[in-house]
Amino acid sequence: MSIRLAALVAALLSFPAFAQVAVTDAWVRATVAGQKGTGAFMQLKAATDATLVAVTSPAAKVVEIHEMKMDGGVMRMSAVDKLPLPAGKTVELKPSGYHVMLMDLAGPLNEGATVPLTLVFDGKDGRKEMQVNATVRNLAGGTIRH
């Protein structure tokens, strides 16, 4: 092996490996005329401990990770700074739980369209961005029927 090739291999092996996160069933709730916000939902499963720290999308000016929970008998929604993803466990982002809020939408989101999302994860080995295309589903969140 040449010295240059050996140096290149050594350099590549020294870069930290990013935690792998599997994203399944990513979808966004369709909107009605004039609606300025909606939710995005999915399942996340990290191979090693990781944290979802941010989400962005060209479909909305403001994108936040939110949690809905009961507080004194009232369901409350609030932004969270991060969402832990324990290794090997599926974390579900769903209506009435953790979810992504898309606010100040650029336009209506119609059933069947696709919304690009950029998920940002932190893990023991650094930060990783992942591009996800979420399908817009009807207001009930069901599967699109043709």
I'd like the full set of residues that are part of a loop (DSSP other than H, G, I, E, B) and surrounded by 13 or more Cβ atoms within 10 Å (Cβ to Cβ), limited to the stretch 87-102.
LYS94, GLY97, TYR98
It is to be established whether one or more residues within the stretch 59-67 are in contact with a Pro (Cβ under 9 Å, 6 or more places away or on another chain), at pLDDT below 95 and of a type in the set (Gly, Ala, Ser).
no
Just the residues that are over 24 Å from THR24 (Cβ atoms) and over 19 Å from the mean Cα position of the chain (by Cα), please, taken from the stretch 69-128.
MET70, ASP71, GLY72, GLY73, VAL74, MET75, ARG76, GLY107, PRO108
Please name all residue pairs, on different chains or six or more residues apart, with Cβ atoms under 9 Å, provided the first residue is in the stretch 95-106 and is over 14 Å from MET77 (Cα atoms) and the second residue is of a type in the set (Lys, Arg) and modelled with pLDDT of 95 or more.
ASP104/LYS36; ASP104/LYS61; LEU105/LYS36; LEU105/LYS61; ALA106/LYS61
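The values are calculated or read from the model by the stated rules, or taken from the named source; none is laboratory data. Here the structure is a predicted model, which means the values were calculated and not measured. Here Cβ is always computed from backbone atoms with ideal geometry, including for glycine, and neighbour counts include all displayed protein chains.
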